[in-house]
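The values are calculated or read from the model by the stated rules, or taken from the named source; none is laboratory data. These figures come from a predicted structure and were not determined experimentally. FYI the Cβ positions are ideal-geometry reconstructions off the backbone, even for glycines, and counts take in every protein chain you see.
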Amino acid sequence: MGVLKIGIVGAGIGGLAAANALHQAGHDVVVFEQSRQFLRVGADINLTPNAVRALDGLGADIAQAVRASAARPTHRISRTWDTGEETSRLAMGDEAERKYGAPQLTIHRADLLAALADAFPAERVRFGKRAQSIEARADGGVAIRFTDDSEATQLDVLIGADGIHSVVRNAMFGAESPRFTGVVAFRAVVPTERVKDVPNIQAFTKWWGATPESQIVTFPLNQGRDTFIFATTAQDSWHEESWTTPGSVDELRGFYADFHPDARALLDACDSVLKTALYERDPLTAWSLGPMTLVGDACHPMMPFMAQGAGMAIEDCVVLARNLAGVAAPAQVAAALHRYETMRMERASQIQVGSRGNNWLRSGGNADWVYGYDAWSVPLPV
């Protein structure tokens, strides 16, 4: 097997999952991250069985670390905003593990990042590297220049794992700004002791609002000791996209004043909240160009309503690594990246569009097409 020199832009979940998968496949991998260090910011994450199974294949250390801090929701429940009526219930926990080969896990984003970072050689992550320009080389490789005037000029493959505002994506297909959805999101974490009287507090519960934009989602964290609260609503006047901007608890409660008492009890427990505007893009018609490709939000940013953003990024990385595992020379890279794109685009686009519509599992239905996908065993193109 040939060894490719692979650069990854972005050390988020997608970037580090790709780094581990490609390092495991025997390639020479380096990650470029614009931050000066790993930051404990970002939304907490719901890893459904398809995502956990993909992570498990990255190694026992990652699988154990993720389980050490995560919670295992007992069920996935849908409730109606005003009456509290339960409209669907899927058993998760042990039942999901039996059915899909992996459980549902809910975890702090920083704990997932730590599990992925600890499994990858630390000296292969370059911090403080903000990409400035990217060029395809005449010999078929890629060169990237950073804002500190340093360069990486001998890359056989470049992977953009740099999110919805991807510099790599812009270099490949031209600059284009993501679109504001008209929806904002509030996030909070509270001790479960404060909300212990809310029914099914150890489940993943989605309160469906009167409009597709309005919802409250809760799930356990930190082995059930904390509860994550995520609420969305339409608001055209707020456009700030940020992991760390404080919001108003009073504003949050006001948006959901007509919700069922169980839902309001969750918001009453919040001392503080964070607020961000939600942005999206339409599905792309291509993810790869020559020796460059994209994973995760760089190619398919999606609304949070199916809770599949992190899962799709991790699946991308596994399938990408499998397609590059047998590549013996740089001349074979473009074809391998095209195979990866072909394998992933339909599924990711379907979930991207479904997340925008926000109707999945509202009144029951079959989750197998999402949860039953195995990125490690889906057949590779012949």
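Computed values, structure above
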quantity: Test: residue in the stretch 194-202 that is within 21 Å of the chain's Cα centre (by Cα) and under 17 Å from A307 (Cβ atoms); calculated: no
quantity: Qualifying position, being of a type in the set (A, V, I, L, M, F, W, C), part of a loop (DSSP other than H, G, I, E, B) and within 22 Å of the chain's Cα centre (by Cα), among L361, L380; calculated: L361
quantity: Entirely in the stretch 139-204, the strands (runs of 3 or more DSSP E) that have 3 or more residues that are closer than 22 Å to L284 by Cβ and in contact (Cβ under 8 Å) with a residue 60 or more places away in the chain; calculated: 157-160, 179-191
quantity: Residues that are surrounded by 17 or more Cβ atoms within 10 Å (Cβ to Cβ), more than 17 Å from V30 (Cα to Cα) and in contact with a strand residue (DSSP E or B) (Cβ under 6 Å, 6 or more places away or on another chain), drawn from the stretch 168-180; calculated: R169, A171, M172, P178
quantity: Among the residues listed as F255, F259, the single one being out of contact with any helix residue (DSSP H, G or I) (no Cβ under 7 Å at 6 or more places or on another chain), crowded, with 24+ Cβ neighbours inside 10 Å and more than 27 Å from A51 (Cβ to Cβ); calculated: F259
quantity: From the options E123, E151, E135, E213, residue that is surrounded by fewer than 20 Cβ atoms within 10 Å (Cβ to Cβ) and assigned by TED's automatic domain parsing to the domain that holds S237; calculated: E213
quantity: Output for the stretch 18-31, where each listed residue is out of contact with any Phe, Trp or Tyr (no Cβ under 7 Å at 6 or more places or on another chain) and crowded, with 19+ Cβ neighbours inside 10 Å; calculated: A18, A21, L22, A25, H27, V29, V31
quantity: Options N358, N323: the member that is surrounded by 21 or more Cβ atoms within 10 Å (Cβ to Cβ) and either basic (K, R) or more than 26 Å from A231 (Cα to Cα) (or both); calculated: N323
